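> Pasting a structure here, questions to come.
The values are calculated or read from the model by the stated rules, or taken from the named source; none is laboratory data. This structure is a prediction, so every number in the text was calculated from the model and none was measured. Positions of Cβ are generated from backbone atoms using ideal geometry, with glycine treated the same way; all protein chains shown enter the neighbour counts.
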Amino acid sequence: MPLSGYQGMRNEPCRVAEVCSVVATLRGQTEEQVAAQSSDTAATLFGFSCT
């Protein structure tokens with residue numbers, strides 16, 4: 001689902017930071033916390049280390 005304001009356009013990796021910012025706002029967290037949680041989840045899911 002495209003971000004608000006981008007309807008009719010394809011999702012692009014360049015918008016990941018914007019998505020992170022919105023998720024952080026919705027969760028009441030910092031962008032750094034959301035990024036760390038996302039990285040940890042990806043590492044667990046795909047079996048790699050983020051360190």
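> Return the residues of the stretch 31-51 that are exposed (fewer than 11 other Cβ atoms within 10 Å of the Cβ) and either part of a helix (DSSP H, G or I) or among the polar types (S, T, N, Q) (or both); say none if nothing qualifies.
Glu32, Thr41, Thr44, Leu45, Phe46, Ser49, Thr51
> Scanning for something of a type in the set (Ser, Thr, Tyr) and part of a loop (DSSP other than H, G, I, E, B), does the stretch 9-29 turn up at least one residue?
Scanning the stretch 9-29 turns up no residue that is of a type in the set (Ser, Thr, Tyr) and part of a loop (DSSP other than H, G, I, E, B).
A quick yes/no check of all residues on (1) β-branched (Val, Ile, Thr); (2) modelled with pLDDT of 95 or more; (3) under 12 Å from the mean Cα position of the chain (by Cα):
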{"residue": "Val16", "(1), (2), (3)": "yes, no, yes"}
{"residue": "Cys20", "(1), (2), (3)": "no, yes, yes"}
{"residue": "Arg27", "(1), (2), (3)": "no, yes, no"}
{"residue": "Glu32", "(1), (2), (3)": "no, yes, yes"}
{"residue": "Gln37", "(1), (2), (3)": "no, yes, yes"}
{"residue": "Ala42", "(1), (2), (3)": "no, no, yes"}
